[in-house]
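Data block below; observations after.
The values are calculated or read from the model by the stated rules, or taken from the named source; none is laboratory data. What you see is a predicted model, and the numbers here were worked out from it, not measured in a lab. Don't worry about glycine lacking a Cβ; one is built from the backbone with ideal geometry, like all the others, and counts go over all protein chains shown. Protein only, heavy atoms only, side chains kept; ligands, DNA and RNA dropped before computing areas. Shrake-Rupley method; radii C 1.70, N 1.55, O 1.52, S 1.80 Å.
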Amino acid sequence: MKAFLSCICFFIIIPSFSQELIPNFEQLSDSTKNVEVIALLLETRSNPSFEDRINEVKEVALFCKDKEDLPTEALAVSYLYIAYIEHGKFDGIDDLFKLIEAKYFDHLLPANQLRFNLYHSQLLLSQGRLDEGIETAQNTLAICEAHQLPKNNVYGLLSTIYMALGKFDEALKTDRQNLNDMLKNQPEEKRGLGQAYYSISRDYTNLEELDSANYYGVLSLGYWGHPVSYIQLGDIKTKLAEYDSARYYLSRAQEVILSSPKWENQKTTLYLYLSKLEILEENWEEGLLYSEQALTSSIQDNDVSVTYKAYEYIIRSHLQDKAYYLDSLLAKDRILRDRSVEAQTIEMDTKYKASEKEKKIMQLSNDVQQREIEALTFRNYLLYTGIAVLALIILVYLLFRIRKSKTEKEISHLKKQALQLQMNPHFFFNSLNSIHNFIGNNEPEEAQKYLVNFSRLMRLTLENSQENLIHIGKEVEFLKNFLILEKLRNKNFDFEIKVEEELLDYKIPGFLIQPLIENSLLHGFSTIDYEGFVQLKIEKEQDTIVVTVIDNGVGRKKSIERKQEKGEHTSFGIELLKKRIYIYSKKSNGILIEDGIAVQGNSGTKITFQLPLFS
């Protein structure tokens, strides 16, 4: 019944038209119809507007429906799903997938089933639904086997999923199956063979079998001149300490990338590996230059893993031969991360087994649901009323989605601004200078202590930036590391954090509190001649969380007077905080600013705000 209603919903929103998209369509053979419809659908890709492309694909689907040709209608609807994926629009896409699976998939030609499943598997991979991705890929291999279709793209996707699970042996096994299949069925396909050799080289690199990785990497270059082949060989040679060869392959990769704009997306990886090579050869300035370029590109691409690595190489370039402090820290961090990955893998396997049981139960209930649908068909006279109600629901839903999308954009924009405040370059380079000073003053224990807290702060900042809401426990850990770093650097204040134990598992928007604490350190304590003190309290009052930051600094009146003398305006961090609080809680009273702890004629500052409980 749900699939039936989804089908009605799908065609209600397609406008009626009378244009004959394909002349004499009824007289064409089935294969010619398929070719003509595919040609129309491929033309829609040239439209840069997502909405216009979707409307064009829907127009083709309605044309095929009016002609009562189910195979081409199924083809057009499958391309509608593909268009959503290609444009990165995933909201509501699960309903469209269920409609295709229930009504259209069996009417697609095998080649079109292959194309549809490949796109769906890529979506599952991007969403972390790896168990479903493996199942879909294996079903697609069965389709290829039954209809003698090329399997290389399916093998490649399956290998990528195994790599995401950390199952490098399974990835290697899959890529070897792909190579054997290509040598048997497509020996003339040079590009595909090059990609197969590249994948095997990558698998051996992950397994740290570098001689085998080098062997297949060289084979890949003989068939496929893609820059990733050169980059991978450069990395392998770097790991083998063959630096001249590594520089040759990375230079060739750079030449290929600069030769065409289509390789622009490979620059980030290239810069990262060039930075690694220069640092190993102790070319510190070149290493710093490439790592900063990698950092800039990775932030633009929102690639957190590369960003983290780029920061590591920047720190190494600054520390130079003192980087053994960082190596010790990263070794400990790697152990913790490996334990986390192992726990996640066990959790995924558990979820997969649970989903298998659920599918068996669903399969048993399918017959019952089918009989219920047949029993309800006699109520067709309610159809027109149902359509009207459904159209109204769609209208309300669209209005809700528009409002939700606007709010999400505002949250994303404000969150990026908050992250920029967190990753203040002055703070970053002040921290590096502090590390240098500790080392220069022969204080290795202080340097290592500072470096440990600095690394934790960077990691927490990157992790917290991926979520709109984070656990209060993680936010407190971030703030504690920030305050420890500032105290190690300035030593003119003390701090206290009080949080009710029951609140640690609740969530709050990330990056809300730090600007307030930084405001106390920068403005409240900048001119005092006694030890500063800042306190953070997070408490629960009925169904709200109350956050309070209080200090014994100069106070708001003196701070305002000093800003007026200097011609400064209201703190950007405070204004940003007000906007974010309002978005998360329209009923919020905003920010309450009062006098804090009075000392030597200074009134101090107390800032309080409320948020709803997010579990």
- request: Report whether or not Lys103 is surrounded by fewer than 17 Cβ atoms within 10 Å (Cβ to Cβ), in contact with a helix residue (DSSP H, G or I) (Cβ under 7 Å, 6 or more places away or on another chain), over 19 Å from Ser49 (Cβ atoms) and of a type in the set (D, E, K, R).
  value: no
message: Being more than 12 Å from Pro110 (Cβ to Cβ) and either of a type in the set (Lys, Arg) or in contact (Cβ under 8 Å) with a residue 24 or more places away in the chain (or both) is the filter here; which residues of region 133-154 pass it?
response: Gly133, Ile134, Ala137, Lys151, Asn152, Asn153, Val154
field: First in region 488-502 and touching a residue at least 12 places away in the same chain (Cβ under 8 Å), second anywhere and of a type in the set (Phe, Trp, Tyr) and in a strand (DSSP E or B), Cβ under 6 Å, 6 or more apart
entry: Asp494/Phe533
message: So if I check each of Lys237, Lys184, which one is over 26 Å from the mean Cα position of the chain (by Cα), of a type outside the set (Ser, Thr, Tyr) and under 30 Å from Ser275 (Cβ atoms)?
response: Lys237
message: Can you find, within region 41-65, the residue that is modelled with the lowest pLDDT among those that are part of a helix (DSSP H, G or I) and surrounded by fewer than 14 Cβ atoms within 10 Å (Cβ to Cβ)?
response: Ser46
message: Show me the helices (runs of 4 or more DSSP H) found entirely inside region 81-170 where at least 1 residues are over 28 Å from Glu189 (Cα atoms) and of a type in the set (Lys, Arg).
response: 93-99
message: I'm checking my understanding of the structure. Among residues of region 561-592 that are part of a loop (DSSP other than H, G, I, E, B) and among the charged types (D, E, K, R), which one is modelled with the lowest pLDDT?
response: Lys587
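Inside region 184-290, counting only helices (runs of 4 or more DSSP H) that do not spill past its ends, which hold 2 or more residues that are of a type in the set (Lys, Arg) and closer than 30 Å to Glu145 by Cα?
Here the list reads 190-206.
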query: Hey, among the residues in region 499-555 that are outside any loop (DSSP other than H, G, I, E, B) and among the polar types (S, T, N, Q), which one's surrounded by the most Cβ atoms within 10 Å (Cβ to Cβ)?
result: Ser520
message: Give all pairs with beta carbons closer than 6 Å in which a residue from region 543-563 that is closer than 16 Å to Leu512 by Cβ meets a residue that is assigned to a strand (DSSP E or B) and aliphatic (A, V, I, L, M); count only pairs at least 6 apart in sequence or on separate chains.
response: Ile545/Leu611; Val547/Ile538; Val549/Leu536; Val549/Ile607
- prompt: Of the residues that make up region 109-116, is at least one open to solvent by 30 Å² or more (accessible area, probe 1.4 Å), without any contact (Cβ under 8 Å) to a residue 24 or more places away in the chain and under 26 Å from Leu80 (Cβ atoms)?
  reply: no
query: Does region 166-188 contain at least one residue that is modelled with pLDDT of 90 or more, surrounded by fewer than 23 Cβ atoms within 10 Å (Cβ to Cβ), on the phi < 0 side of the Ramachandran plot and aromatic (Phe, Trp, Tyr)?
result: yes
